[in-house]
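Below you'll find the structure, written out as structure tokens, and then a few comments.
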Amino acid sequence: MLNQETIQAVQQAALIEEVVGDFVTLKKRGQNLWACCPFHHERTPSFSVSPSKGFYKCFGCDAAGDSIAFIKAIEGISFIEAVKYLATKYSIPIQETEEGHKDIAAQHERDSLYILMKLANNYYIQNLWEHSEGQRIGHAYLKERGITDDFIKQFELGYSLDSWQGFHEYALKQGYTDGLLEKAGLIVHNQEKLYDRFRGRVIFPIHNLSGKVIAFAARILKPADNQPKYVNSPETPIYHKSDVLYGIYQAKQKIKQVDKCFLVEGYTDVISLHMAGIENVVASSGTALTDSQIQLVSRFTKHITVLFDGDTAGIKAALRGVDKILEKGLHVKVILLPPGEDPDSYSKKLDSLAFQTYLQEHEQDFITFKAKLLMEGIGDDPTQKAEAIKEILQSIALIPDAVNRTLFLQQCSRLLDINEGVLLGEHNKILVRKEKEHHRPHKLVHNPVNELQLTAKRGELIPLNWAATIEAYEQESIRLLLNYGSIILEDGNPLSTYLLQELADVPFQHPVYKHILSTYEELALQEQVIDINFFVQHTDERIQKTAIDLTASPYEVSDKWQEKYQINISKEEDNLYRNAYKNILRLKLRLIHQLIEENNKLLKNTVHEPEEEDKLLQVYATLKQSETAIAQQLGMVIIG
Ligand SMILES: [Zn+2]
């Protein structure tokens, strides 16, 4: 177990904007930072990060939490792992209580797999640098491929000895079991025999976003007939091939910085581009690009540039993959390398400045590129020309943004020398057909603000029963307390003092609101400064989630904007006391209604002793009096 001090130190140090910023590109709007949500697919940002409140909240899919919760969710790891991850990031010493030093097998399986992969990576690295076979064969090979020692180290490249049992025996000595080794894909089980998966190969470790080794790609050194060029890790609990891009960990900062990502095919292409001074590059590792890989890039940038090898045969096949990127709403450019060259070979042929210049000068947008490519060599054959036009229009129709589609149509009209109206007509036909094929209902534009208002209205205007209405007013009380508790009212006391006094005799029904109220009261009694972070960082997820939901603001009007357009937007702070008063009266009124109803049931349903009946009638009268008194006060507040 981690001790409490470590957790607290992490909570204080891990600024939400820094932690989230490692995974998505945040843009400032109002007081908050916004991005497209990393937890669900969307094209307009509804994922907000509040640096002042220390939490993230998505108005699209409702994901929310503090820094630790974010790491937990995005990495799919345990609370403890998330704390450790952040402790490492912020160089906070990790203190564990006694029972923490249990053996590896007792730990969570994923945690064990991460540790095992790290061990394997270190083993392969050590082979490369220190073992005579590794030096002679592995290191020599990388040198020959032109990869310098600095980059061998940066990408943690290694070498697996040409042996059936080398790693297997080593790992057993370290206390790992065959079961875990097989689960990690490091050893293979074949006809009662267990042996190393990677033998006599150069090892490229594959990292996840946070830099953990999750898989290996092992390349053969000499071409052999019966051997594949690459042997890769199989799918494991920590490695899903289709979700991963090679080099994303090393590239993510640069991608954010320059707002662009180069996409290449192979592991050595990525390393070569780094050596040529281009760090914002990832590889799909030979497979067709998947939706989740595109989404991974789109967390950091909306601009992808695909590098194509110089042989035209491969390009036409690759066009489909690029269409997928368009479909996800990203901007795609392409660069075609000279015939016979790939990124690895060409970046080594030129010096880094010349290579970078080549890339700059040959970058063109994808639609133009595709149009030129398809029209090549067609000449005046009308059938072929029509076929090509149709294919280009198919790509344009994939672009979700209508303005961009129009721009591309105009461009193609010039490029292909075809009347724009004709193109537009054909394009619209494709769109209509697509709609029909997918039976897509008309898609409403997602608007988080409207949704929130609707929810609020649902709670207030259409009460299904007393409990639901009471819950809504309880919620409103807690919302006011969390957001404005420390604001000083005209009488010189904070709003919290007023709210706590008024709510002291109100029995809250909702367990979470009840818990927050009593905790707040306790803290106030101890005269502690009450910080929203206390609830936002709460280890009970329901409390954390509620605190975030009640304090997150879905939209903001910046002060500048107000000045510019001379609009005065009344702030909630201006009517705080009145709103709090109104809400408490409503809550109390509903509670009394509930009590009256219960009392009536008792009166009706059972036969009572005269004494008991008197009591019930008395209660009824008292309740009725209170009801009238509160209703009157409420009327005055509402009218006055
Ligand atoms: Zn979301």
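The values are calculated or read from the model by the stated rules, or taken from the named source; none is laboratory data. Given the structure is predicted, the values throughout are model-derived calculations rather than measurements. Heads up, the Cβs are rebuilt from the backbone with ideal geometry, glycines too, and the neighbour counts pull from every protein chain shown. SASA here: full protein model, heavy atoms, side chains in, ligands and nucleic acids out. Shrake-Rupley method; radii C 1.70, N 1.55, O 1.52, S 1.80 Å.
Out of all DSSP beta bridges in the chain, what portion is antiparallel? Express it as a percent rounded to 5. The antiparallel fraction comes to roughly 75 percent. Annotation: E521 carries an accessible surface of approximately 70 Å², with a 1.4 Å probe and no ligand, DNA or RNA atoms counted. Take E235: with every protein chain present and a 1.4 Å probe, its accessible area is about 110 Å².
Before anything else, pin down the relative contact order of region 248-438: Cα pairs under 8 Å, at least 6 apart, normalised by residue count, whole percent.
Working: 244 pairs, mean separation 34.1, N = 191.
Dividing the mean separation by the residue count of region 248-438 yields 18 percent.
Can you sort K604, K434 by 1.4 Å-probe accessible area, starting with the largest? Please list the in-between numbers first.
On the way: K604 165, K434 40 Å².
I get K604, K434, largest accessible area first.
With +1 assigned to the C-beta of every Lys and Arg and -1 to the C-beta of every Asp and Glu, and no other charges, what is the dipole magnitude of region 107-238 about the Cα centre in debye, to the nearest 20? Don't jump to the answer; show the numbers that get you there.
Numbers: 16 positive and 16 negative charges, 55 e Å.
Value, rounded to 20: 260 debye.
Under 17 Å Cα to Cα from K57, which lysines show up? Leave out anything in the same chain fewer than 8 places away. Within reach: K27, K28, K72, K545. Lysines near K615 by alpha-carbon distance under 23 Å, same-chain residues fewer than 8 away left out - which ones? Answer for K615, where 23 Å is the Cα cut-off: K588, K601, K604, K624, listed by chain and number.
Hey, if we sort W34, W129 by accessible area with the 1.4 Å probe, largest down, what's the order? Please list the in-between numbers first.
Values: W34 10, W129 65 Å².
Solvent-accessible surface, decreasing: W129, W34.
Carbon-plus-sulfur accessible fraction, the chain (probe radius 1.4 Å, protein heavy atoms only): 51%. Solvent-accessible surface of region 107-238, averaged per residue with a 1.4 angstrom probe and all protein chains in place: 47 square angstrom. Amide H contacts under 5 Å for R29: W34, restricted to partners 5 or more places along the chain or on a different chain, H placed in the peptide plane at 1.01 Å from N.
Oblate is the label for region 288-388, because a/c, from the alpha-carbon gyration tensor with a ≥ b ≥ c as root eigenvalues, is 1.5 or above and a/b does not exceed b/c.
Computed with a 1.4 Å probe over protein heavy atoms only, the accessible area of T497 comes to about 50 Å². The modelled label-to-label distance for the pair H240/K390, using points 7 Å beyond Cα in the direction of Cβ, is 3.7 nm.
In the context of the full set of protein chains, region 4-101 has a per residue accessible area of 44 Å² (1.4 Å probe). Rounded to the nearest 10 degrees, the inclination of helix 4-13 to the longest alpha-carbon principal axis of the chain is 80 degrees.
Comparing H189, T177, L161 along the charge dipole axis of region 158-281, the residue lying farthest to the positive side is L161, per the Cβ-charge model. Averaged over its residues, region 248-438 has an accessible area of 47 Å² per residue, based on protein heavy atoms and a 1.4 Å probe. Whole-Hz Karplus values for region 266-283 come out as x, 4, 5, 4, 4, 5, 4, 5, 4, 5, 8, x, 10, 9, 8, 9, 9, 10 Hz, taken residue by residue from phi with 6.51 cos²θ - 1.76 cosθ + 1.60 and θ = phi - 60°; glycine and proline positions read x.
Charged neighbours of E17, selected by a Cβ distance under 14 Å, balance to +4 (K, R count +1; D, E count -1). Ranking I94, Y267, Q509 by Cα position along the charge dipole of the chain, where only Lys, Arg, Asp and Glu carry charges on their C-beta atoms, puts Y267 farthest toward the positive end.
Using a Förster radius of 41 Å, what is the FRET efficiency between Y577 and Q253 based on their Cβ-Cβ separation? Nearest 0.05, please. It comes to 0.30. Whole-Hz Karplus values for region 350-355 come out as 9, 6, 5, 5, 5, 5 Hz, taken residue by residue from phi with 6.51 cos²θ - 1.76 cosθ + 1.60 and θ = phi - 60°; glycine and proline positions read x. Kindly express, to the nearest 10 degrees and within the range 0 to 90, the angle between helix 382-398's C-alpha long axis and the longest C-alpha principal axis of the chain. The angle comes out at about 40 degrees.
Need the C-alpha centroid separation for region 123-178 versus region 338-393, integer Å. Spelled out, the Cα-based centre of one part sits 39 Å from the other. Residue by residue, region 490-503 carries 3J(HN,Hα) couplings of 4, 6, x, 9, x, 4, 4, 4, 4, 4, 5, 4, 5, 8 Hz when phi is fed to the Karplus relation 6.51 cos²θ - 1.76 cosθ + 1.60 (θ = phi - 60°); x denotes Gly or Pro. Our summary of shape: the Cα atoms of region 107-238 have principal axis extents of 41, 36, 25 Å, ordered from largest down, in whole angstrom. Between Y246 and A283, S285, the built amide H atoms are under 5 Å apart, and every one of these is 5 or more places off in sequence or on another chain. Look at the alpha carbon pairs under 8 Å that are at least 6 residues apart: their mean separation over the length of the chain gives a relative contact order of 9 percent. For helix 420-438, report the angle its Cα long axis makes with the longest principal axis of the Cα atoms of the chain; keep it between 0 and 90° and round to the nearest 10°. Orientation of helix 420-438: about 70 degrees from the principal axis. Treating each Cα of the chain as one equal point scatterer and applying the Debye formula with no solvent, the log10 of I(q)/I(0) at q = 0.06, 0.07, 0.09 Å⁻¹ comes out as -0.50, -0.65, -0.94.
Suppose the chain between D401 and E613 were pulled fully straight at 0.36 nm per residue; how much longer would it get relative to their current alpha carbon spacing?
Working: separation 212, 0.36 × 212 = 76.32 nm, distance 7.11 nm.
Full-extension gain reported as 69.2 nm.
Given the -39500 (n - 2.57) contribution per DSSP H run of 4+ residues, what per-residue ellipticity at 222 nm results for the chain, rounded to the nearest 500 deg cm²/dmol?
Details: 28 runs with 346 residues, N = 640.
The helix contribution divided over the chain gives -17000 deg cm²/dmol.
Only lysines eight or more places from K390 in sequence, or on another chain, were considered; those with a Cα closer than 21 Å are K316, K324, K328, K333, K370, K372, K429, K434, K436.
Lys and Arg at +1, Asp and Glu at -1: add these up for the other residues within a Cβ distance under 15 Å of A215 and post the number. Value of the local net charge: +4. Only the Cβ atoms of Lys and Arg (+1) and of Asp and Glu (-1) were treated as charged; on that basis the dipole of the chain about its Cα centre amounts to roughly 1740 debye.
Remark: accessible surface ordering of L336, L373 (largest first) is L336, L373, probe radius 1.4 Å.
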